[in-house]
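For reference, the structure is listed below as structure tokens.
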Amino acid sequence: MRRVLVPQAIDPAGMEVLRHPEVIILGPLSSPDELSAAMREVDAVLIRLWPISGEAIRSARRLKVIAKHGVGTDNIDLEACRKRGVHVTITETANRGTVSEYVLGALITVARHWKAAEEALKAGDYEGRIRYYGTEWAGKTIGVVGYGRIGRSLTPRLVHGLHAQVLVYDPYVPRDILMDHPQVQWADSLDALVKAADAVTLHTPLTPETYRMFDAARLAKMKPGAFLINAARGPIVDPVALVDALTSHHLGGAVLDVFDPEPPLADNPLWEAPNLLVTPHIAASTHEAVQRMGVEAAASIMQHFHLREG
Ligand SMILES: O=C(O)[C@H](O)COP(=O)(O)O
């Protein structure tokens with residue numbers, strides 16, 4: 001028998017994939033604190049965002065596979081997995097379109113002062129309509145940092161959906177995969193991208209190289225009035241520097257779906273920053289993408305144990 005731990009709820013279709021006479025499904029757990037102990041007697045874990053420490057991996061003697069529901073593996077101690085021979089899978093393509101749609105919504109919502117205008121309207125200030133003038137994206141330059149699956153899915157949507165110019169920066173992918181379109185170009189450097197872009201959207205993993213990639217110095221290089229969208233990982237952006245850049249009105253606005261740490265601190269300076277929109281790490285949370293992530297993560301476990309064709 002294989003014991004598979006699903007610590008947090010996933011889509012029922014994903015649970016269905018795990019249902020098999022040779023599989024015992026364990027979970028859900030009530031908090032991340034229970035994860036390490038619960039992992040001790042399992043062969044596989046299907047993990048969302050809860051952290052899996054090296055210690056938890058080392059003391060999980062039966063563990064063979066960790067299936068990540070999503071694409072970011074920064075919550076998993078990969079070095080400990082490598083040393084113990086634990087296989088890690090991600091749901092490679094499950095969320096790219098949904099995250100791209102979130103970014104389109106974020107760009108439009110923040111650039112049209114949607115939240116402030118709505119609050120003004122509800123407070124009886126109908127004349128906000130002649131105060132909240134926004135930014136039109138057609139013809140503007142949007143910088144896409146990271147040209148992995150999400151960056152590549154987003155770029156055509158920016159071109160065809162928003163009619164924007166797109167500048168792409170990613171030192172790890174070959175230039176010939178760039179979308180072949182006159183409105184899409186490589187940036188020679190990250191600084192060249194931030195200096196030229198009316199909005200920058202982040203689509204890199206969290207690594208030592210991307211940690212605080214958007215610190216005070218880099219934010220200062222962004223165009224005055226530009227917008228920043230972070231649906232990648234919180235620590236890529238220095239939150240204190242971002243609050244300063246928004247409060248001084250150097251930036252026109254920002255949208256954060258991710259935080260450092262997660263969950264974000266309740267008493268948070270970000271909450272007071274002007275024209276900052278926030279969501280609780282839901283860029284990939286559509287019914288469609290959550291179903292795909294659940295099914296693909298579960299299928300990768302079953303494939304690992306040769307309990308399913310494919
Ligand atoms: O809710 C989840 O499980 C997430 O969407 C995780 O996705 P990510 O690791 O790709 O952010």
#### Entry: Residue satisfying condition, being over 25 Å from E262 (Cα atoms), touching a residue at least 24 places away in the same chain (Cβ under 8 Å) and either open to solvent by less than 70 Å² (accessible area, probe 1.4 Å) or in the same structural domain as M293 (by the TED database) (or both), within set L46, L35, L5, L18
L18
### Test for V88: is it open to solvent by less than 70 Å² (accessible area, probe 1.4 Å), closer than 30 Å to S59 by Cβ and either outside any helix (DSSP H, G or I) or without any contact (Cβ under 8 Å) to a residue 24 or more places away in the chain (or both)
yes
### Task
Report, by residue number, each residue of the stretch 35-54 that is more than 16 Å from the ligand (Cβ to nearest atom), in a helix (DSSP H, G or I) and under 25 Å from the mean Cα position of the chain (by Cα).
S36, G54
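Condition check ((1) in the same structural domain as V168 (by the TED database); (2) within 21 Å of P7 (Cα to Cα); (3) without any contact (Cβ under 8 Å) to a residue 40 or more places away in the chain) across all residues:
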| position | (1), (2), (3) |
| --- | --- |
| G54 | no, yes, yes |
| H69 | no, yes, no |
| T73 | no, yes, no |
| Y147 | yes, no, no |
### Summary
Reported set for the stretch 55-91 where residues are of a type in the set (V, I, T) and away from the ligand (no atom under 13 Å from the Cβ) is I57, V65, V86
### Summary
Filter the stretch 249-262 for residues that are touching a residue at least 40 places away in the same chain (Cβ under 8 Å) and within 16 Å of the ligand (Cβ to nearest atom); the one that is nearest to the chain's Cα centre (by Cα) is D257
### Among (1) away from the ligand (no atom under 16 Å from the Cβ); (2) assigned by the TED database to the domain that holds A273, the one test that R152 misses
(1)
### Task
Being open to solvent by less than 70 Å² (accessible area, probe 1.4 Å) and not in a helix (DSSP H, G or I) is the filter; apply it to the stretch 92-131 and report the residue that is farthest from the ligand (Cβ to nearest atom).
G124
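Taking the conditions exactly as written (at pLDDT 95 or above, over 30 Å from V65 (Cα atoms), of a type in the set (G, A, S) and surrounded by fewer than 20 Cβ atoms within 10 Å (Cβ to Cβ)), does G143 satisfy them or not? Reasoning before the result, please.
Numbers: at pLDDT 95 or above: yes; over 30 Å from V65 (Cα atoms): yes; of a type in the set (G, A, S): yes; surrounded by fewer than 20 Cβ atoms within 10 Å (Cβ to Cβ): no.
Taking the combined requirement at face value, the residue does not satisfy it.
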### Flag for D180 being part of a loop (DSSP other than H, G, I, E, B) and in the same structural domain as G134 (by the TED database)
yes
### Summary
Considering the stretch 280-310, residues that are assigned to a loop (DSSP other than H, G, I, E, B) and free of Cβ contacts under 8 Å to residues at least 40 places away in the same chain, and then whichever is nearest to the ligand (Cβ to nearest atom), we arrive at P280
### Summary
Within the stretch 272-293, the count of residues that are under 16 Å from G105 (Cβ atoms) and in contact with an Asp or Glu (Cβ under 7 Å, 6 or more places away or on another chain) comes to 4
### Query
If you take the residues in the stretch 75-85 that are touching a strand residue (DSSP E or B) at 6+ places or on another chain (Cβ under 9 Å) and touching a residue at least 12 places away in the same chain (Cβ under 8 Å), which one is nearest to A284 (Cα to Cα)?
N75
### Query
Looking at the stretch 263-308, which of its residues are surrounded by fewer than 20 Cβ atoms within 10 Å (Cβ to Cβ), within 21 Å of the chain's Cα centre (by Cα) and of a type in the set (D, E, K, R)?
E288
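The values are calculated or read from the model by the stated rules, or taken from the named source; none is laboratory data. Fair warning: this is a prediction, and the values are worked out from it, not measured in the lab. Neighbour counts run over all protein chains shown; Cβ positions are idealised from the backbone, glycine included. SASA here: full protein model, heavy atoms, side chains in, ligands and nucleic acids out. Shrake-Rupley method; radii C 1.70, N 1.55, O 1.52, S 1.80 Å.
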